[in-house]
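What follows is a short report on a single structure.
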Amino acid sequence: MLNVYAAISMKKPSPPFGELDLIEQIRQDFATSSSAVKLGIGDDCAILRPPPGCEVLVTTDLTLEGRHFRCDSHPPESVGHRCLARGLSDLAAMGATPIAAFLSLALPSTMLTKSAGRAWTKGFFHGLRALAELHSVPLAGGDTSESPGGRSALILADIVLIGSAPKGRALRRSGASPGDALYVTGQLGGAAAELATMLSRRRRTLNHQTNEDHPHMFPEPRLDVGEALQRRGLATACLDISDGLSTDLSHLCRASGVSAEIEQEALPIHPFARKLNAAAALQATLHGGEDYELLFAAPSSVKMPSTLAGVPLTRIGTLKTRRTGHALMTLLAPDGSRTELKPGGWEHFSKPASKSKKA
């Protein structure tokens, strides 16, 4: 638990707390002894030591209030957790091992001057730190700023993750071939179903003393699975399911120059989604997004284990030769009928009618 804001609970007025105080407290609470970070928070740049024989992988993700979370429905611990999880999931998709994280955080001016705002910031860093410690990811630097807009100012967090993978071994979207089998980790549709429940109640419904089985609030990046797929040479292509299975599968198909057939009956549907009616459950599973599971291809000749790093693996379909004039993706229904599966997940800047619900 962070001790950044111990004065918050005191009845007497809190002492002034500004940007420099925040940075210093972050530096103290995120102090690292990682061998990969030669110099962390406190200088103009961090100095990293990538492992010998490895390439460096970099990913960045924005977390914006009103788009990715709402302060009236998401506990700050969830916001901090999800901020880091988004980047870790990208590293997992490429079979990378995290080296360090960098956080740039823009806050409204009231966040550090009012006790409620300081409590929110405390919770945010608690959530981020808990996940960082779980995966041994040091926070090696970043930036802070005041958000513009006065009373309408929003919270913005930009996370940068640095990882490493053996030279030439990082998983990519472009290595799949016709005949490869398609697999997913875990279960799908849970994040979309949990978000729908949260928004319908319009209040915080999470007892965040535990983050177990909260696929939207506390997604689990599949780092151990990604590393195992890369290390054992099991996957020909891989990516994470952040924008929805249908949308992310289309990315894999286009990058690899293949088409795909998905077996509806094989889809591992999360129990949260199964509580919905059949049509809504299928919608959440195919298009919901933010599950942060891995979607990967592997040669059909490879005997895939039922679990990897303790996470269930499910074969959901097959890749086929791409043909002009034919559907990029097809859904095989339980009755044997086939329909075109179009990307229906999240896409920024798309027309409102085609957007999935985000927080």
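Annotations for the structure displayed:
- Here residue 59 meets each of (1) closer than 20 Å to residue 133 by Cα; (2) modelled with pLDDT under 85 with one exception, condition (2).
- Tabulated pairs, the stretch 56-74, first not assigned by TED's automatic domain parsing to the domain that holds residue 288, second part of a strand (DSSP E or B) and among the acidic types (Asp, Glu), C-beta under 7 angstrom, 6+ apart or interchain: 60/158; 62/158; 71/65
- Remark: residue 130 falls outside the filter, which requires a residue to be closer than 30 Å to residue 250 by Cβ, of a type in the set (Gly, Ala, Ser) and crowded, with 17+ Cβ neighbours inside 10 Å.
Let's see how each residue does on (1) buried (at least 17 other Cβ atoms within 10 Å of the Cβ); (2) within 24 Å of the chain's Cα centre (by Cα); (3) modelled with pLDDT under 90:
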site	(1), (2), (3)
115	no, no, yes
126	yes, yes, no
150	no, no, yes
158	yes, yes, no
180	yes, no, no
184	yes, yes, no
187	yes, yes, no
198	yes, yes, yes
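- Any hit, the stretch 333-346, residues being assigned to a loop (DSSP other than H, G, I, E, B), in contact with a Gly (Cβ under 7 Å, 6 or more places away or on another chain), closer than 25 Å to residue 279 by Cα and modelled with pLDDT of 95 or more: no
- Of the residues 296, 349, the single one that is aromatic (Phe, Trp, Tyr) and at pLDDT 95 or above is 296.
The values are calculated or read from the model by the stated rules, or taken from the named source; none is laboratory data. Here the structure is a predicted model, which is why all the values come from computation and not from measurement. For neighbour counting, all protein chains shown are included, and Cβ atoms are generated from backbone atoms with ideal geometry for every residue, glycine included.
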